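Structure first, then comments.
The values are calculated or read from the model by the stated rules, or taken from the named source; none is laboratory data. Note that this is a predicted model, so its numbers are computed, not measured. In this analysis, Cβ positions are derived from the backbone assuming ideal geometry, glycine residues included, and neighbour counts consider all displayed protein chains. For the accessible areas, the whole protein counts, side chains as well, though only heavy atoms, and no ligand, DNA or RNA atoms are used. Shrake-Rupley method; radii C 1.70, N 1.55, O 1.52, S 1.80 Å.
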Amino acid sequence: MHISAKTISFDWRTIMAAPEQRPALLVTGGAGYVGSHVCKAAAAAGYLPVTFDNLSAGHRWAVRWGPLEHGDLRDERRLRAAFDRWRPQAVIHLAGLIDTRESVDDPAPYYENNVGGTLTLLACMRQAGVERLVFSSTAAVYGEPAYAPIDECHGLRPLSPYGASKLAAERILDDFCRAYRLRFAALRYFNAAGADDGGEIGEAHPVETHLVPLVLEAAAGRCPAISIHGDDYDTPDGTCIRDFVHVGDLAAAHVLAVRHLDNEAGPHTFNLGSGRGATVRQVIEAVGRVTKGEVPVTVGPRRPGDPAILLADITRAQCHLGWKPVLSELDRIIASAWNWHRKSWKTNAA
């Protein structure tokens, strides 16, 4: 039977139980976009999600389903204290820097945070005797696709320091798995999008770079237009094809991966996408349908390093995790994001 975001149901009596009655999960980066959705899914599955976050990109208001430990992942003393206090059964590791273009201009912080922070976390896990880790990785580890859809056997040739730092962390985890009995699964995201269906949490980056919220901002008149970077690719309408997966589906996969590590030590790698592609113009058209408005568009040149097609083969996650993306139909993704952003804009304007 497939387990999905729909089948991880909420029992608020469990969620509000005393902390000591629920097994703890340490969620690094749990105040961020994906992390907050992971915490909600973990709480619904009967865990106590303990967020460890420095709040540099995350938000205190997004930590609603468990306690917040405010600290930087590279602060070993602070991290050890969190392990001692909560004694987590497993770790879900999402903390890190994620801006691909920024990483090209300033790579040092990406290696310091994404690699150095992971090493500090692993040292604390070994000291605390915690053996299970689910790692937030990225499709950026694949680089320019040699074929589509991309499966986990595809070559690993990242094009940016961001992708390289995530691949370096994966390789460290693989070595630790073999040498120190670490159980780990790396989840390689494609394009996370959408928001919590209940409207409680959503995407709120200090500087927005993701396509869906940028198109929504253009539709709402909050920016002059959405810029298409190249319309001469070898695709049906000339614009890039991307694989958009609902953040709620991503969150469900993390809970399933924690459970999978109970019986399957790893190392494991799983692609997380919808398995379906949408062009940039199709995303813009979907936003027009959902918002019932016109989306102003400009067309510019291609950006260096943008592949024409990024599409996930999700067979492995479906077969081994029992995961199925049930929320990732494009109009549903757009509608959930539109609902969240309108609420967020109204709150910030008040």
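Couple of notes before you dig in:
- Amide proton proximity set for Ala186, modelled H, under 5 Å, gap of 5+: Phe135, His268, Thr269, Phe270
- Calculated P(r) tail over 25 Å for the range 74-198, as whole % of Cα pairs: 29
- Mean-position separation - Cα centroids, the range 194-211 and the range 234-290, in angstrom: 15
- The mean of 1/r over all pairs of different alpha-carbon atoms in the range 171-245, once inverted, gives a Kirkwood hydrodynamic radius of 16.1 Å.
- Charge dipole (the chain, unit charges on Cβ, about Cα centre) - positive-most of Thr298, Leu159, Phe83: Phe83
- Once backbone amide H atoms are built at 1.01 Å from N, Arg132 has Val91, Arg183 as its partners under 5 Å, excluding neighbours fewer than 5 places away on the same chain.
- Computed from the C-alpha gyration tensor, the three semi-axes of the ellipsoid equivalent to the range 93-163 are 25, 18, 8 Å, from longest to shortest.
- Summarising the amide proton neighbourhood of Val299: residues at separation of 5 or more, or on other chains, whose placed amide H is nearer than 5 Å comprise Ile228.
- Each Cα pair under 8 Å and six or more residues apart adds its sequence gap; the mean of these over the residue count of the chain is a relative contact order of 20 percent.
- A 1.4 Å probe, protein heavy atoms only, puts the accessible area of Ile334 near 0 Å².
- Beta bridges by DSSP in the chain, antiparallel share as percent, to the nearest 5: 5
- For the chain, with all protein chains in place and a probe radius of 1.4 Å, 50% of the accessible heavy-atom surface sits on carbon or sulfur.
- Contact order relative to length of the range 247-316, as percent, for alpha carbon pairs under 8 angstrom and 6 or more apart: 49
- 3J(HN,Hα) along the range 180-187, derived from phi through the Karplus expression 6.51 cos²θ - 1.76 cosθ + 1.60 where θ = phi - 60°, amounts to 10, 6, 5, 9, 9, 10, 9, 9 Hz, with x in place of Gly and Pro.
- Residue ranking by accessible heavy-atom surface, 1.4 Å probe, largest first, among Trp61, Trp338, Trp323 comes out as Trp61, Trp338, Trp323.
- Contour minus Cα-Cα distance for Ala146 and Gln318 (0.36 nm per residue): 59.6 nm
- Cβ-derived FRET efficiency at R0 51 Å, Gln21 paired with Asp232, nearest 0.05: 0.30
- Using the Cα coordinates of the chain, the gyration tensor eigenvalues translate into equivalent-ellipsoid semi-axes of 31, 23, 19 Å, sorted from longest to shortest.
- Each residue of the range 298-309 was assigned a 3J(HN,Hα) from its phi angle through the Karplus curve 6.51 cos²θ - 1.76 cosθ + 1.60 (θ = phi - 60°); the sequence is 10, 10, x, x, 4, 8, x, x, 7, x, 5, 9 Hz, with glycine and proline shown as x.
- Over the range 188-239, relative contact order from alpha-carbon pairs under 8 Å, at least 6 apart, %: 17
- His154 - accessible surface, heavy atoms, 1.4 Å probe, Å² rounded to 10: 10
- Per residue, in Å², the accessible surface of the chain once ligands and nucleic acids are set aside, probe 1.4 Å: 43
- Dimensionless Rg over Rh [the range 272-350; C-alpha; Kirkwood]: 1.05
- Partners of Lys292 within straight-line reach, counting lysines whose Cα lies under 28 Å from its Cα and excluding those fewer than 8 residues away in the same chain: Lys6, Lys343, Lys346.
- Over the chain, dividing the summed -39,500 (n - 2.57) contributions of all DSSP H runs of at least 4 residues by the number of residues returns a 222 nm mean residue ellipticity of -11500 deg cm²/dmol.
- Here Val207 sits with roughly 110 square angstrom of accessible surface, probe radius 1.4 Å.
- Contour excess over end-to-end distance, with Cα ends at His210 and Cys223 and 0.36 nm allotted per residue: 3.3 nm
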